[in-house]
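Report on one structure; see the data block that follows.
Where a number appears in this text, it was derived from the coordinates with a stated rule and is not lab data. Keep in mind it's a predicted model, so treat the numbers as computed, not measured. Here Cβ is always computed from backbone atoms with ideal geometry, including for glycine, and neighbour counts include all displayed protein chains.
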Amino acid sequence: MLDPARLHDTLAELPGPPHPVLVVATAGTTDTGAIDPLPRIADLCDRHAATLHIDAAYGGPLLFSDTLRTRLHGLDRARTTALDLHKLGWQPAAAGLLAVPDSAVLAPLAHRADYLNAHDDTAAGLPDLLGRSLRTTRRPDILKIAVTLRALGRRGLGDLVERACAAAQHLADLIDSRPGLDLYARPAISTVLFRPAGADPAAVAAVRRRLLREGRAVLGRATTCEGLWLKATVLNPHTQPSDLRALVALVEGSTP
């Protein structure tokens, strides 16, 4: 997580006069799902005239939920925000969003290249590839996001997000109740880190590989200052308690 105290020191040490500075905070880290203290970071950016961008690729969909959106307090103070809806939005992997406060911020994207969007071709009715996707010839996945929102609405998506996060909390409860397992922390979103109690990195890696090779469970891995952990990222809103109990039993049974 981004440490506000260290950020303050870094910004304060910058030589004057003020130079353009971009601060990038995270709302849902890849390894642990942690959310930076966004309001405090935003305050520091205001104080030091820095531009704030928030990477909410993982945590952004919490906004769909009336009960979970408070975890993203301060997100609205970012100059720009990135969201990746292929995680808690159940969209294709390429379906991401960049949210900006004013379309004028996107003016540089109006760049014209004669081989892609020549003025006379556009006037003649030929497709303007740069106007359809930032990656030109690739499909615009925003259409699938729009269809999903139209079909489920914010509340429908929020319900799915809440189910996934509730399943992660239940998994954390199960792990916490097992003396043979260590829980890294309560999940901030839907990522749960755990490992066999007292296991060193080699033992944790061996458990993960054994489950993969046997085709019994697919767990990720994450390294923190406390060492290596098994990573379970719960994204299926239809996950049942029995599925979670089975996963915990598999890990316990694979521990030497």
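Restricting attention to the stretch 1-77, which trypsin sites (Lys or Arg not before Pro) occupy a DSSP loop and are surrounded by at most 13 other Cβ atoms within 10 Å? Could the numbers behind the result be given before it?
Numbers: sites: Arg6, Arg40, Arg47, Arg69, Arg71, Arg77; in loops: none.
The qualifying sites: there are none.
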Taking Tyr184, Tyr58, Tyr115 and counting other C-beta atoms within 10 Å, the order from fewest to most
Tyr115, Tyr184, Tyr58
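What are the GluC sites (Glu not before Pro) within the stretch 213-252 that DSSP puts in a loop, where the Cβ has at most 11 other Cβ atoms within 10 Å? Write out the running numbers ahead of the final one.
Numbers: sites: Glu214, Glu226, Glu252; in loops: Glu214, Glu226.
Filter output for the stretch 213-252: Glu214, Glu226.
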If you rank Thr80, Thr29, Thr224 by fewest surrounding Cβ atoms within 10 Å, what's the result?
Thr224, Thr80, Thr29
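Given the -39500 (n - 2.57) contribution per DSSP H run of 4+ residues, what per-residue ellipticity at 222 nm results for the chain, rounded to the nearest 500 deg cm²/dmol?
Details: 7 runs with 90 residues, N = 256.
The helix-only estimate for the chain comes to -11000 deg cm²/dmol at 222 nm.
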In percent, what relative contact order does the chain have, based on Cα pairs under 8 Å that are 6 or more apart in sequence?
15 percent
Charge dipole (debye, nearest 20) of the stretch 47-129; +1 at Cβ of Lys and Arg, -1 at Cβ of Asp and Glu:
580 debye
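Quick one: putting +1 on the C-beta of Lys and Arg, -1 on the C-beta of Asp and Glu, what dipole do you get for the stretch 150-254 around its Cα centre, in Debye to the nearest 20? Write out the running numbers ahead of the final one.
Working: 15 positive and 10 negative charges, 84 e Å.
Once rounded to the nearest 20, the dipole reads 400 debye.
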Taking Cα atoms, the helix 241-254 axis meets the longest principal axis of the chain at an angle in degrees (rounded to 10) of 60 degrees
Would you work out the relative contact order for the stretch 150-254, in percent, from Cα pairs under 8 angstrom that are 6 or more residues apart?
30 percent
Distance from the stretch 218-238 to the stretch 241-256 (C-alpha centre basis), Å
14 Å
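Counting other beta carbons within 10 Å of each Cβ, put Thr223, Thr30 in order, fewest first. Walk me through the intermediate numbers first.
Values: Thr223 13, Thr30 16.
So the residues, fewest neighbours to most, are Thr223, Thr30.
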Specify the angular offset, from 0 to 90 degrees and rounded to the nearest 10, of the alpha carbon long axis of helix 201-213 from the longest principal axis of the alpha carbons in the chain.
80 degrees
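How big, in percent, is the set of alpha carbon pairs in the stretch 150-254 lying more than 24 Å apart?
On the way: 1272 of 5460 pairs.
Counting pairs separated by more than 24 Å, the tail of P(r) holds 23 percent.
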Computed over the chain: longest principal axis from alpha-carbon atoms vs helix 142-176 long axis, angle to nearest 10 degrees, is 30 degrees
Note on the chain, DSSP bridge orientation, antiparallel percent to nearest 5 equals 70 percent
